[in-house]
Amino acid sequence: MASNEATKKADPARAAARGPAAPTTARSAPAPRPPAKRVGPLEFLGQVRDEGRKVTWPSRKETTVTTIMVFVMVVVASIFFTVVDQFLRWAVGLLLGIAG
């Protein structure tokens, strides 16, 4: 018979066979974070601008190629799902005897 961990702890015969329980150690609380420094709106916008300069922006060519690839994949996926849908419609019609 399978038993869960609570049953094992409550069964004195099993507890004696396993030996003494391992001592449990209390978990220490995580170190408290220092309060965040508050900044004004102008300083915040300056920080946003600095972070924007660090971003590696794609070139016009990379953006164009990626956009074209997205459109190609949408067309391929729509054709695939249309073919699968038509096949499944035909197969279900055949199974139900309503194929024409």
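Given the residues K54, K37, K8, which is the only one that is open to solvent by less than 100 Å² (accessible area, probe 1.4 Å), modelled with pLDDT under 95, out of contact with any strand residue (DSSP E or B) (no Cβ under 7 Å at 6 or more places or on another chain) and basic (K, R)?
Of the residues listed, the single one that is open to solvent by less than 100 Å² (accessible area, probe 1.4 Å), modelled with pLDDT under 95, out of contact with any strand residue (DSSP E or B) (no Cβ under 7 Å at 6 or more places or on another chain) and basic (K, R) is K8.
What pairs come out if I take residues in segment 47-71 that are closer than 30 Å to K37 by Cβ and pair them with residues that are open to solvent by less than 100 Å² (accessible area, probe 1.4 Å) and not polar (S, T, N, Q) whose C-beta lies under 9 Å away, six or more apart or interchain?
Q47/V39
The values are calculated or read from the model by the stated rules, or taken from the named source; none is laboratory data. All values derive from a computational prediction rather than experimental measurement. Cβ: placed from backbone, ideal geometry, glycine included. Neighbour counts: every protein chain shown. We work out accessible area using only protein heavy atoms, side chains counted, and drop any ligands, DNA or RNA first. Shrake-Rupley method; radii C 1.70, N 1.55, O 1.52, S 1.80 Å.
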